[in-house]
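Contents: one structure, followed by commentary.
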Amino acid sequence: MQAETVTITEYIQKINKVEAMLEEIKQGLTLFQTELQESIQRGEKDITEGRVTICKTEVELDKFFAQI
């Protein structure tokens, strides 16, 4: 296996491309985290306000879906 020869400029360009890709991933994760936190907060609010149905058995779950 022979090592590839690259110039410093080419190497820096490759690093810049990787940095740009990682920044996109970081922004996507930040957005996902924000949406997840908002969803959790909505769920906690629904629980606090009693707007949830808890099914502990398969029969209860079947009854719940039957009434929807």
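The values are calculated or read from the model by the stated rules, or taken from the named source; none is laboratory data. Keep in mind the model is a prediction, meaning the values are calculated, not measured. Don't worry about glycine lacking a Cβ; one is built from the backbone with ideal geometry, like all the others, and counts go over all protein chains shown.
Among the criteria (1) at pLDDT below 95; (2) exposed (fewer than 10 other Cβ atoms within 10 Å of the Cβ); (3) not hydrophobic (A, V, I, L, M, F, W, C), the one residue 11 does not fulfil is (2). Surrounded by 10 or more Cβ atoms within 10 Å (Cβ to Cβ), touching a Ser or Thr at 6+ places or on another chain (Cβ under 9 Å) and either among the hydrophobic types (A, V, I, L, M, F, W, C) or part of a helix (DSSP H, G or I) (or both), is that true of residue 32? Judged against the criteria, residue 32 is not a match. The set of residues from segment 43-68 being in a helix (DSSP H, G or I) and exposed (fewer than 10 other Cβ atoms within 10 Å of the Cβ) comprises 48, 58, 59, 65, 66.
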